[in-house]
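Visitor: First, the structure itself, so that you have it in front of you.
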Amino acid sequence: MGGRKLLVLGGGFGGLEVARAIGRSRAARATWDTLLVDKENFFQFNPLLPAVAVGAVETRHIVYPLRDMASHRHIRFIKNKAIAIDLERRRVRLHNDLEEPFDTLVIALGSVTNYYGIPGAEAHTRPFKTIADAMLLRARVVELFEMAEQAGTDAQRRRLLSFVIAGGGVTGVEVAAELLDMVRDTLLPRYPSIHASHVSVTIVEAGERVVGTAIASHSRYVQRYLEKRGVRVILDRKVTRVEEKRVHLEDGRALEAFTITWTAGVRPPDVVTALPLAHDPDGRVRVDECLRALDPDGKPLEHVFVVGDCAARERGDGALHPMLAQTAIRMGSHVGRNLVRQAGGRAALPFTFRETGYIISLGKHSSVVELFGVRVAGRLAWLAWAFAYLVKMVGFRKQLEVAIDHLTHLVFTHDSSQILARRTVLTDAELNLSLGTREAPPAATEGPLARSDRSS
Ligand SMILES: Cc1cc2nc3c(=O)[nH]c(=O)nc-3n(C[C@H](O)[C@H](O)[C@H](O)COP(=O)(O)OP(=O)(O)OC[C@H]3O[C@@H](n4cnc5c(N)ncnc54)[C@H](O)[C@@H]3O)c2cc1C
């Protein structure tokens with residue numbers, strides 16, 4: 001193990017690649033004493049989170065233990081949270097009054113949910129960013145079906161089963177599509193008192209089309225697909241305020257929903273936005289062509305690299321590289337390669353990268369894919385989606401587990417068991433909600449799912 005301290009903060013898509021590159025090179029291991037720090041002790045494969053949220057893929061199958069990687073690659077790992085980074089003293093403050101020094105630092109801390117300062121958004125909506133968020137959403141949907149089955153009136157059923165998803169980007173539409181699959185294929189046939197007209201799913205998107213990062217024809221395909229299956233899509237309307245079970249839009253409308261999920265955007269965590277560096281408006285750190293952090297005067301810091309969702313780097317057309325897994329992977333492997341070159345006394349290479357395309361999953365019936373200029377939508381695209389993400393999974397075991405999940409899910413419906421404690425998925429007020437017939441039914445939202453019937 002080398003003598004120079006390399007500290008990698010974050011073991012996600014970007015940080016993992018840095019650590020793997022160092023671990024693979026004997027010269028780099030002889031130069032760097034590498035420590036990977038992550039607040040979790042696992043890597044999570046985000047693209048399959050919406051599938052986890054409905055049980056189409058098992059929770060454990062999309063996580064990979066960071067300790068396994070660390071021991072295979074001969075680097076050190078600790079599970080702790082970075083609280084503050086002192087660039088001048090070259091130290092990172094961690095929980096439990098711990099500190100880690102560094103000679104070279106890689107910041108790969110990903111992103112957190114961005115509420116854009118919208119009043120009530122953080123307090124009254126549920127984020128969709130972590131394994132725990134996905135598990136809670138699934139448990140909540142099933143729990144609400146159990147409650148609705150016992151409800152005294154149709155109005156109560158409609159109220160309990162009203163969902164709003166704020167944000168019609170990739171995550172928002174994927175969550176909506178998976179949710180619909182679970183509702184139609186699994187839940188409606190098993191809950192005799194509940195009819196499709198009791199369930200409403202609404203997506204609110206501030207832009208003029210859903211999945212604005214996709215080509216226009218794919219946006220139209222996704223919107224048509226969702227609307228045909230009963231999702232109400234509201235475009236070109238910003239959320240201005242959120243209250244308990246109510247979303248206010250800029251046109252003055254208010255949408256009632258028992259569950260509001262926030263998928264409207266992400267930003268780097270506070271520990272990154274607080275750094276005295278050059279940032280772009282959403283808080284990402286500006287980096288030079290070798291992915292070194294730029295100070296407020298635009299001068300690169302030789303010993304600080306930033307990758308993934310935390311890094312703002314222009315691509316050829318002047319726009320910033322999007323906050324995507326493929327960007328993080330390429331940035332991480334590039335910084336890793338440059339650190340290996342540095343260990344061998346060679347000069348750093350500039351970062352160049354063109355995105356390969358995108359894959360948007362619409363549940364088990366469809367997807368849209370644009371890869372290397374080839375555009376496909378429909379069932380064939382679903383196969384491309386399943387295969388592409390299988391290849392990207394970390395390790396053969398995870399690939400096998402997810403492949404079995406996909407096959408099982410093609411043949412069988414979702415599992416409708418709800419194994420979490422009720423108090424972890426419902427608030428106190430929801431737990432004690434009166435469902436008796438004598439209660440005056442509250443105003444309910446008539447969602448577009450009401451137009452579909454159970455068999456369609
Ligand atoms: C639901 C969802 C679906 C997505 N789907 C896709 C998709 O289909 N395709 C695609 O390309 N991209 C997708 N993305 C985006 C993609 O996951 C991110 O762009 C990518 O993860 C960024 O990589 P990263 O290394 O910057 O951060 P991450 O992979 O998020 O890793 C950051 C790591 O830092 C750790 N961390 C954070 N804060 C601290 C701290 N203070 N101290 C210590 N550790 C910390 C975290 O635990 C995490 O392990 C999706 C994201 C989400 C949330």
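Just so you know, all these numbers are worked out from the coordinates, no wet-lab data involved. Since this is a predicted model, take the numbers as computed values, not measurements. With ideal geometry, Cβ positions are generated from the backbone for all residues, glycine too; neighbour counts draw on all protein chains shown.
Visitor: Per-residue counts of other Cβ atoms within 10 Å, averaged by peptide: what ranking do you get for 99-108, 396-405, highest first?
Guide: Result, highest mean first: 99-108, 396-405.
Visitor: For the stretch 205-272 and the stretch 362-419, what is the centre-to-centre distance using only Cα atoms, to the nearest Å?
Guide: Result: 24 Å between the Cα centres.
Visitor: A further question follows. Would you mind calculating the gained length between residue 95 and residue 303 on full extension (0.36 nm times residue separation, minus the Cα-Cα distance), in nm to one decimal?
Guide: That works out to 72.5 nm of additional length.
Visitor: A further question follows. For the chain, what is the calculated [θ] at 222 nm in deg cm²/dmol (nearest 500), taking -39500 (n - 2.57) for each run of four or more DSSP H residues and dividing by its residue count?
Guide: Dividing the helical sum by the residues of the chain leaves -9500 deg cm²/dmol.
Visitor: Please list, by residue number, every one of the trypsin sites (Lys or Arg not before Pro) in the stretch 81-115 that is coil in DSSP and has at most 12 other beta-carbon atoms within 10 Å.
Guide: Here the trypsin sites (Lys or Arg not before Pro) that fit, given the DSSP loop and packing criteria, are 89.
Visitor: Output the relative contact order of the chain, whole-number percent, from Cα pairs under 8 angstrom with separation of 6+ residues.
Guide: Reported as a whole number, the value is 21 percent.
Visitor: Right, next: Find the centroid of the Cα atoms in the stretch 146-196 and in the stretch 10-58, then give the distance between the two in whole Å.
Guide: Distance between centres, Cα-based: 34 Å.
Visitor: Using only Cα atoms, find the angle between the long axis of helix 379-392 and the longest principal axis of the chain, and express it within 0 to 90 degrees, rounded to the nearest 10.
Guide: 40 degrees
Visitor: Of the GluC sites (Glu not before Pro) in the stretch 243-280, which ones lie in a loop per DSSP and count no more than 12 other C-beta atoms within 10 Å?
Guide: 244, 250
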